[in-house]
Every structure is written in structure tokens, then in C-alpha cells.
Amino acid sequence: MWRSIARSKLIAARNFGAIRQNPTKVQSFSKTLLTQSQTQLVFTESSSIIRNQNLRFLSQVSSPADPNDSDSPHFDFVSTQNYSSVENDMTLMNNDSEISVDVDENNDAILETSGLSDEKFDPEVFVIDVDKFESVLSLLQSRVEGSLESSLDAITDLHLHEEFVATVLKVPLLIGENLIAFVKWAMEKPEFKLTTSVVDQLVRAICRELRKKDAYALWDLIKEIGEKDKGLLNADILNELISVFSKLGKGKAAVEVLDKFEDLGCLPNAETYYLTIEALCRRSFFDWAWSVSEKMLDSERLPETDKVSKIIAWFCKGNKAKEAHSVYIFAKEKRKHASRSSLNFLIFSLCKKDESVKLALEMLDDFSGDAQKYAVNSFATVVHALCRMKEVDEAATLVSKMIRDGPPPGNAVFNAIVNGYSKSGDLEKAKEMIKLMESRGLKPDVYTYTVVMSGYANGGQMKEAIKLLSVAKKKHLKLSTVTYHSLIRGYCKLEEYDNALKLLAEMKDFGVQPTVDEYNKLIQTLCVKALDWGTAEALFEEMKEKGLRIDSKTRALIRAVKELEGEESGNTEESVQA
């Protein structure tokens, strides 16, 4: 049966490929469809001849039917530039079937087939009326005065087949609200049957333009469709809606779509959760985003690795490091390993708070190979956090592990340990850490010596501090202002003012100029404790010569001590005379 029908002459829709060159947006219709690859031959049971002028268009327009539907015949046309000179051996292939195109004396194309079975023939193929198609497009591409529905009703003999509606929805640059109104109008017609393909095409058309009003109107229509027939919608359609709400910055609307999945007969997938989390994080709704993440983890539907990395980074930016760590742990159990940059960001975020530093410490065990080799910053961050928590011994243990397994610690890591021990008063361990630095070929910098000297000075152990200062002088030509400041402060604390003045004098010999802080500290100490306003006044004059800013409080203090001493000396003379 199929062979006999196919061997007869078939005719396609009248002038289907000759859509007039409308100066408006209708021109873009054929341009868009030209990018498609699959082709469906459009014919009816009574058709007899395919005009040559239609072959080109038919070979380029994609069928809106499902390519996976075995009942719909699809053909790949041989590409040719000039269909008026088609040779008799021009062939169209469809899997194991063959259709030959011959040209008769009237220059009309005649189809002949071989290898086609009766079961593959479907005579009920819809033919699009080009004139009516153009009429619908002209209404949808402009603002219609009055009712769009009444204008559509005015088009006589308009048959609303699924393929007609789907093809209309594929045309770009049509007005979104008109498309929604068009589909709603079609749904009211008894001859039209709404399908998943049409709904999907509508959603893609509306989401392409990114208009808030159209997006909300589309969502209202989708809810209406889902309530009438739950089988029409799927996760991909709803995910597209969530995506457009995300791009529009409407995180709450995205959550509303997610919450309606079950009511609309759909099941959220990994992409659903990811897009919703993205929408919420874009609006900094991190609490809501974590609520969605919990649902994602409970359902065990994780997106791809790169998207897991983004979720971790979003929560870190939102100061939800512990929540990000939960996502990381679950992903690791599912063998989805986040990117190195997101892990480094997570460790840094965990180390901001003392309560989560141990989680960061545990994460370091997950580094291996090249990842561990280049994780110096992550290890250093944990070391600094442990020292901040005064758990210096544990930090030192981590440094020992770094020396043994990598990554090799640098000066910054050792300085953190030295500083931690110095602040805790365990100066011997601090000195041992300096020796360990030197044994590894690292040169302790001025800061390293300064923190230990400061520890000695705070404990009143100025002899040990000066010994270490001598070592620092031999290894560094230029010292730090902070180094001398801590030592001067230590001598002032012990009321050894002469030694403090000597240090002030020798600062310039090691490339360091005294600052206002050193002068003020000495002047205040001399005035308050030693009542030596003379030396204090001399330092004050030295400050003026160097152009340092003179503190009015310091000046007043010197004057007050000077007046106080003058009053005391005057009282003493009066008592002697009496």
C-alpha cells in the first residue's frame, strides 16, 4: 500500500516555500528555521505533484514533530543550490528507505520510493496554509487594537494543528504577551490539543526575551495547564521558568515554582535545585538557599561537579561556611569533588570563626598529589587560625606534617608559630622554631626576631631581648621601628630610662628613624614616673627639629611637670627661710 501511494505523484502545500519577503519580522522566520537539520516531507493522501520551487524550502524547514517518534517519517534531503536543475538521480534517504526524485516534461518533481513498509506510512500529515500562517504572524508581531482573540477569530478556516502552533512559537521577536494570549485562545478551541511540545516551545519563546511581566503571565498559564492536565508538564519546562526568574532577579518566584512541582505532577531533579539555589543566592537570600540545599541533599540529587563548586562558593560568600562544608562532605561521599579554588575558599571561610577551624583542619587531609603541592595558602590559613585560637602546639604539629608530606612551609607559616609561642610566653619553643627555620634553609626575617624580642620585653627579660637584638643586627643591616619600639617600652616598664635613651639614639644607625610613638612613650614615662621634665623637654625639642608632629597633650604634660617641680622648689625655699 505504502509503495503504491509513494510511487504516485504527491503535491505539497501550495507555495509553502514561497513565503513573501515581508519587510517586517516575518523575514526572520525562515532564517531561524534554516538552522535546523531535520526535515519532514509535508504531503496529503490526495496530493500528486511537488513543485520544484517548494523543494528548497521543504529541505530546510524543520518538522516540529518529535524526531524520536517512529510514526513520523523524516528525510534528509540532498543539498543542492539550484533545484531547477535537479538531476533524475537526486535521492532522499530515510534510514533503510530511499526516495528518488525525477523531473517530468513540465519540470515538476516526481517522487519514487523503495524499501518503505506499509507500517511507516501515516497519511494524516498536517499541511500549513502559508497565507493563514502569515496572517497569524502579522497579528502576533505587533500591538493589536482591540482584542487579539477577536482578530484571531476573524481568520477564516484556521485549523489549529499542533504543528501549526509550534511553528508559530518558533518564530523569534514576536511579542510575548501575544504568544501567551495566542496559546490561551487556542486552548479554548475544540480542534486544538495542547501537547508537551507546544508548552515547551512557548516557555522557550517567552524566556528568550527576559521580560518580567511576560514571565509572570507565563507562570500563571503554566499553573493553569498543570492543574488541568498534570501529564503535560515536565521538569525541563519548569526548570526553564526557574532559570528565567533567576536571571530576572526574582528568587522568591523561583522558590514558588519549586514548591509547585509536586502539585503540577513533576519531580525536581538536580538542575531544579541548582537553578533555585542560584536564583536565591543572586538576591543574597542565603537562608532560603540553604533550605533548598537541604532538600537537595535529602533527595540525593546533586548537579555536576562544577555546579557543586559554585554552590559551595555562594554559601562562603554568604558567610555560611558550615553549610557549604555540609555540601562539600555530601558531594565527596558521592564522588563529586569540588574544584580546587572552591575548596581553598571554603577553608578560608571556615577559618574565620574559631568554631569551624577544626573542620578546615580535617579538610587538609583530602589534599593529595599536585593538589596538596599547591595548597600552601590553605595550610597556612589553618596554621594562622590555630595560632589565633592559642592552639600553637597543634599548629606546630601541622607544620611538622607539612615538612614531612608537603606542601613545604614558608616564612609566613613559621612566623605565625613563633609569634604564637612568643605571645603565650613560651619563648624557648619560639627560639626552637627559629632554629628549625634556619635548618630548612630559611632566613628568619626582622619580624621573626621582633616577635621573640617583644615576648622577652613583655616578660621583663631585657637581657635575653638584647642578646637576640645583637643576633638580628648581625643578620640584617636594617631593622624595624617596631623592634626598637618594643624594646624601649620594655626598658621604660623597668624604669631603665638611660638604656631606653641609648636605643633611641642608635635607631638611625640601623636605618630606622624614631617615630612619634617612640618619643611620646619616652616623654610620658619620664614625666610621669621619673618626673624628669628636663630630659623630656630635650626630647620634645628634638622632635621639633625633625619635623615630627607635636602632640598637645605631651606638651601640656611637660609643662605641668615643670610647674609642679617649680611649686615644690618654691615651697622648699620658704620652709628653709622660715
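The values are calculated or read from the model by the stated rules, or taken from the named source; none is laboratory data. Keep in mind the model is a prediction, meaning the values are calculated, not measured. A quick note on method: Cβ atoms are made from the backbone with ideal geometry, for glycine too, and the neighbour counts reach across all protein chains shown. Note: accessible area is taken over every heavy atom of the protein model, side chains too, but ligands, DNA and RNA are not part of it. Shrake-Rupley method; radii C 1.70, N 1.55, O 1.52, S 1.80 Å.
Yes or no, residue by residue, for (1) over 19 Å from P268 (Cα atoms); (2) open to solvent by 20 Å² or more (accessible area, probe 1.4 Å); (3) part of a helix (DSSP H, G or I):
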residue: V199; (1), (2), (3): no, no, yes
residue: I206; (1), (2), (3): yes, no, yes
residue: D214; (1), (2), (3): yes, no, yes
residue: L221; (1), (2), (3): yes, no, yes
residue: I225; (1), (2), (3): no, no, yes
residue: G231; (1), (2), (3): no, yes, yes
residue: L238; (1), (2), (3): no, no, yes
residue: S243; (1), (2), (3): no, yes, yes
residue: S246; (1), (2), (3): no, no, yes
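Residue by residue through region 263-281, note down the ones that are within 14 Å of I237 (Cα to Cα) and open to solvent by 30 Å² or more (accessible area, probe 1.4 Å).
G265, L267, N269, E271 - these are the residues of region 263-281 that are within 14 Å of I237 (Cα to Cα) and open to solvent by 30 Å² or more (accessible area, probe 1.4 Å).
Being open to solvent by less than 80 Å² (accessible area, probe 1.4 Å) and either in contact (Cβ under 8 Å) with a residue 60 or more places away in the chain or part of a helix (DSSP H, G or I) (or both) is the filter here, so list the residues in region 282-296 that pass it. Give the derivation first.
Residues of region 282-296 that are open to solvent by less than 80 Å² (accessible area, probe 1.4 Å), as a first pass: 284-286, 289-293, 296.
Hits for region 282-296 are F286, A289, W290, S291, V292, S293, M296.
Restricting to region 400-441, name every residue that is in a helix (DSSP H, G or I), surrounded by fewer than 19 Cβ atoms within 10 Å (Cβ to Cβ) and not basic (K, R). So that I can check it myself, show each step before the final result.
Filtering region 400-441 down to residues in a helix (DSSP H, G or I) leaves 400-405, 411-424, 427-439.
Next, only the ones that are surrounded by fewer than 19 Cβ atoms within 10 Å (Cβ to Cβ) stay: 400-401, 403-405, 411-412, 423-424, 428-429, 431-432, 435-436, 438-439.
The answer is S400, I403, D405, N411, A412, S424, E428, E432, L436, E438, S439.
Just to be sure before I move on: is Y497 within 30 Å of N419 (Cα to Cα), of a type in the set (F, W, Y), open to solvent by less than 60 Å² (accessible area, probe 1.4 Å) and touching a Ser or Thr at 6+ places or on another chain (Cβ under 8 Å) in the structure I sent? Lay out the reasoning, then the answer.
On the way: within 30 Å of N419 (Cα to Cα): yes; of a type in the set (F, W, Y): yes; open to solvent by less than 60 Å² (accessible area, probe 1.4 Å): yes; touching a Ser or Thr at 6+ places or on another chain (Cβ under 8 Å): yes.
The answer is yes for Y497.
What are the residue pairs meeting all of these: first residue in region 362-382, first residue closer than 22 Å to N415 by Cβ, second residue open to solvent by 30 Å² or more (accessible area, probe 1.4 Å) and part of a loop (DSSP other than H, G, I, E, B), Cβ atoms under 9 Å, and 6 or more apart or on different chains?
Correct list of pairs: V376/P408.
Tell me, yes or no, whether region 304-319 has at least one residue that is free of Cβ contacts under 8 Å to residues at least 24 places away in the same chain and on the phi > 0 side of the Ramachandran plot.
Checked region 304-319: no residue is free of Cβ contacts under 8 Å to residues at least 24 places away in the same chain and on the phi > 0 side of the Ramachandran plot.
Would you be able to tell me the number of residues in region 152-173 that are assigned to a helix (DSSP H, G or I) and open to solvent by less than 50 Å² (accessible area, probe 1.4 Å)?
Within region 152-173, residues that are assigned to a helix (DSSP H, G or I) and open to solvent by less than 50 Å² (accessible area, probe 1.4 Å) number 9.
Can you tell me which residue within region 334-351, out of those that are modelled with pLDDT under 95 and more than 17 Å from the chain's Cα centre (by Cα), is surrounded by the fewest Cβ atoms within 10 Å (Cβ to Cβ)?
Per the criteria, the residue is R335.
Does region 505-530 hold any residues that are open to solvent by 10 Å² or more (accessible area, probe 1.4 Å) and closer than 17 Å to K493 by Cβ, and which are they?
Selection gives D517, N520, K521, Q524, T525, V528, K529, A530.
Given the criteria under 24 Å from G231 (Cα atoms), among the hydrophobic types (A, V, I, L, M, F, W, C) and buried (at least 22 other Cβ atoms within 10 Å of the Cβ), does V257 qualify? First the steps, then the outcome.
Numbers: under 24 Å from G231 (Cα atoms): yes; among the hydrophobic types (A, V, I, L, M, F, W, C): yes; buried (at least 22 other Cβ atoms within 10 Å of the Cβ): yes.
Answer is yes for this residue.
When you look at V183, is it among the hydrophobic types (A, V, I, L, M, F, W, C) and at pLDDT below 90, yes or no?
For V183, the condition - among the hydrophobic types (A, V, I, L, M, F, W, C) and at pLDDT below 90 - is not met.
If G460 meets every condition in (1) in a loop (DSSP other than H, G, I, E, B); (2) under 43 Å from the mean Cα position of the chain (by Cα); (3) modelled with pLDDT under 90 apart from one, which number is that one?
(2)
Could you tell me which residue of region 510-556 is modelled with the lowest pLDDT, considering only residues that are β-branched (V, I, T) and either more than 25 Å from L469 (Cβ to Cβ) or assigned to a helix (DSSP H, G or I) (or both)?
Filtering region 510-556 for residues β-branched (V, I, T) gives 512, 515-516, 523, 525, 528, 535, 550, 554.
Adding the requirement that they be either more than 25 Å from L469 (Cβ to Cβ) or assigned to a helix (DSSP H, G or I) (or both) leaves 516, 523, 525, 528, 535, 550, 554.
Working: V516: 85, I523: 86, T525: 84, V528: 82, T535: 85, I550: 73, T554: 78.
Among those that are β-branched (V, I, T) and either more than 25 Å from L469 (Cβ to Cβ) or assigned to a helix (DSSP H, G or I) (or both), it is I550.
Given E149, E191, which one is of a type in the set (D, E), assigned to a helix (DSSP H, G or I) and either on the phi < 0 side of the Ramachandran plot or in contact with a Ser or Thr (Cβ under 8 Å, 6 or more places away or on another chain) (or both)?
Values: E191 fails: assigned to a helix (DSSP H, G or I).
Only one candidate passes the filter, namely E149.
Taking the criterion of being within 47 Å of the chain's Cα centre (by Cα), without any contact (Cβ under 8 Å) to a residue 40 or more places away in the chain, surrounded by fewer than 19 Cβ atoms within 10 Å (Cβ to Cβ) and part of a helix (DSSP H, G or I), would at least one residue in region 474-488 satisfy it?
Looking through region 474-488, at least one residue is within 47 Å of the chain's Cα centre (by Cα), without any contact (Cβ under 8 Å) to a residue 40 or more places away in the chain, surrounded by fewer than 19 Cβ atoms within 10 Å (Cβ to Cβ) and part of a helix (DSSP H, G or I).
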